[in-house]
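Contents: one structure, followed by commentary.
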Amino acid sequence: MSNNNKKWFSLNLNSRKKQTSNTCGCGKTTGGCNSHNSKPQMSDEDFFEAAVNASIGEERKKDGFDQVFEVKMDRRTAFKQLTASLLIGAGAVSTSCSLVSGEETKEKAQIDWEEQFKGNYKLMSDNEKKGTVDRLVRSYQIRTGKTINMSAKNAEEDVLFGYAFNISKCQGYMDCVSACVEENNQDRSSQMQYIRIHEMKDGKGFNFNEADDNYYHEVPAEGHFYMGTQCFHCDNPPCVDVCPVQATWREDDGLVVVDYDWCVGCRYCMAACPYDGRRFNWSKPEVPEAEINHNQHYLGNRMRKKGVMEKCTFCVQRSRAGKNPACVEACPTGARVFGNLLDPNSTIRWVLENKKVFRLKEDLGTEPKFWYYMD
Amino acid sequence: MFSCKNEEHEYHSVIEKIESESKNYHGVSVTSELYFEDTDMIEISEDGQSFLIPDRKGQIKSFACTECHSKPLEQMQSENLKKAHWDVSVAHADLNTMNCVTCHNPENMDNLKSLTGNTIDFNASYKLCSQCHTKQFQDWKGGAHGKQIGGWAPPRASMTCVNCHNPHKPAFETKWPARFNTQTIKERNN
């Protein structure tokens, strides 16, 4: 390596430079560990040729444009071939230096590989969605020995989710916040919370500057009222517009969701949201194994990683199954109303049609599907 | 050209979208029935709104009342019997407005009594409350007051008055919040 003055690291894929020394893991260059045959079964150059052939085959004969626009096989098949060739390579190594690679390790590698190169969830077919969900479930099983249940249920026709919040009823108990954290596997170490309950002074209106969202005293406190904010699932969401990689979008049932595996963590959406509805994982999210909610959805409460955005999904894993979000179920005062805006007989529609409802920052044109009302 | 119209749809606002798209509402495939199958429910119908509420009689521990109240009340008070209902103290309106017999009928213990002396079943206790709390009753029928049970999907199931409010002491009590974010405190102090 001394004659190599390059200051950067480069993959040694295309250089046909023949290795001058025949080294292996044992550190010796001759004899001893039985892996230094005087006549290798296959020369390095031949092996490279074979591996490339197995992985990309005739694709490499084309120029860059053809490679992109005249692909004969789909990406999945290509990866499978490439992975297979890598496994051949791994096998070659294992015969010479006795590296034991179990079936599970291979499967894990295969899963990681396919997960690494999967597409954006928004563009996946139902089969591909099922594929990634199955891989994530299997991966979790291999890694932790625990079984989770993950759904990829799509939005249903004739459903548009909406939410109403009764500011006369909220007493500031924060049972909703607690239920939300537990349901959605939010990071315990940074104490991430999707919901904020604001304690506001009577007679001052919605004055967020003077409101406190982290009070700790008996509630309701004299002379105060309470209101909650979370992701409002805007029908015209500014967070979606600014995402440079389309990792966040509005589903047909109105839920604004994030593909945690497509998000690059730029936090533009966080800046674009006028309601502080989005949260960022500054550190690796941690949830004690015993507290993990195993009933998950790909777009919802599945485990996140460091450096990605997340937010309230109206508990997609629950709402798409006909249940109310955890905050609605936990609220002891019935201040939270959730339902299908397209069902003329739903309670949410009754609230919109019969109560005096308003939304936050309506003039922005974000069209939140989250209304406030009073008794 | 600036347009306030949404790219995909010709709607100016989400309300417009809701009105238009719900015209051809066909119902949904999901149901919330599974989520309250452990609770006994009864169906009620008020002003064309029909929905489920939890059964009440099965939840009152000492129902039916006549199992103890076999004699007139005066005799039971005078005798040296075991004390009952010691945990009941009425904090509901003032004594000019309400006392025990505003809702209970000493002659007919197993039922409630309306202001005009009609019989109200314990399972329909909302009819008793709604005599005074008309506004809340309207909101409850529509769904703006009272917690939904199970899920948003049909059939609609709702808590009835007495599931959240103790009828003898209906106000909500103060309590400590379920959560306090110590991380936020740290960040604020930095």
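Any read-out appearing in this document is the output of simple, stated calculations on the displayed coordinates, not a laboratory observation. Keep in mind it's a predicted model, so treat the numbers as computed, not measured. Every residue, glycine as well, gets a Cβ built from its backbone with ideal geometry; the counts of neighbours run over all protein chains shown.
Short-range pairs are left out: with C-alpha atoms under 8 Å and at least six residues apart, the relative contact order of region A:161-373 is 30 percent.
Charge dipole (Cα centre; +1 on Lys/Arg Cβ, -1 on Asp/Glu Cβ; no other charges) of region B:42-143 amounts to roughly 160 debye.
A crude spin-label estimate for the pair A:Leu364 and A:Glu115, with each label 7 Å from Cα along the Cβ direction, gives 3.4 nm.
Using 0.36 nm per residue, how much length does the chain from A:Ala272 to A:Glu210 gain when fully extended, once their Cα-Cα distance is taken away? Let's see the in-between values first.
Numbers: separation 62, 0.36 × 62 = 22.32 nm, distance 2.27 nm.
Stretched out fully, the A:Ala272 to A:Glu210 stretch lengthens by 20.0 nm.
Simple point charges give the picture: +1 on the Cβ of Lys and Arg, -1 on the Cβ of Asp and Glu, and for region A:131-264 a dipole about the Cα centre of about 520 debye.
To the nearest whole number, what is the average tally of beta carbon atoms from other chains within 10 Å of the beta carbons of peptide B:92-98?
Numbers: counts 0, 0, 0, 0, 0, 0, 0.
Partner-chain Cβ atoms within 10 Å, mean over residues of B:92-98: 0.
Across B:Ser22, B:Ser70, B:Ser78, mean-square fluctuation computed from a Gaussian network of chain B (C-alpha pairs under 10 Å connected) peaks at B:Ser22. Here the spin labels are modelled as points 7 Å beyond Cα on the Cα-Cβ line, and at B:Gln131 and A:Lys146 they lie 5.4 nm apart. In region A:161-373, a dipole from Cβ-located charges (positive for Lys and Arg, negative for Asp and Glu) runs towards its positive end, and of A:Leu352, A:Thr366, A:Val287 it is A:Thr366 whose Cα lies farthest in that direction. The local environment of B:Asp139, defined by Cβ-Cβ distances under 9 Å, has a net charge of +2 under the rule Lys, Arg +1 and Asp, Glu -1. For region A:219-265, with the dipole built from +1 on Lys and Arg beta-carbon atoms and -1 on Asp and Glu ones, taken about the Cα centre, which of A:Thr229, A:Val242, A:Val219 lies farthest toward the positive end? Sorting the options by dipole projection puts first A:Val219.
Sorting A:Cys327, A:Cys273 from the fewest to the most surrounding beta carbons within 10 angstrom yields A:Cys273, A:Cys327.
What FRET efficiency do you get for A:Glu289 and A:Asp375 if R0 is 41 Å and r is their Cβ-Cβ distance, rounded to the nearest 0.05?
Numbers: r = 43 Å, r/R0 = 1.05.
So, using R0 = 41 Å, E works out to roughly 0.40.
Look at the alpha carbon pairs under 8 Å that are at least 6 residues apart: their mean separation over the length of chain B gives a relative contact order of 24 percent.
Report the FRET efficiency, 1/(1 + (r/R0)^6), for A:Ser43 and A:Glu103, where r is their Cβ-Cβ distance and R0 is 41 Å, rounded to 0.05. List each step's numbers first, then the result.
Values: r = 30 Å, r/R0 = 0.74.
Efficiency, rounded to the nearest 0.05: 0.85.
Could you calculate the contour length gain from A:Asn127 to A:His217, that is, 0.36 nm times the residue separation minus the distance between their Cα atoms, to one decimal place in nm?
Numbers: separation 90, 0.36 × 90 = 32.40 nm, distance 5.08 nm.
Gain on extension, A:Asn127 to A:His217, equals 27.3 nm.
Each Cα pair of region A:161-373 feeds into the Kirkwood radius, which the Stokes-Einstein equation turns, at 37 °C and 0.692 mPa s, into a diffusion coefficient of 186 µm²/s.
A Förster radius of 41 Å, combined with the Cβ-Cβ distance separating A:Asp202 from B:Gln77, puts the computed FRET efficiency at roughly 0.35. Overall, region A:161-373 carries a charge dipole of about 240 debye about its Cα centre when +1 sits on the Cβ of Lys and Arg and -1 on the Cβ of Asp and Glu, all other atoms neutral.
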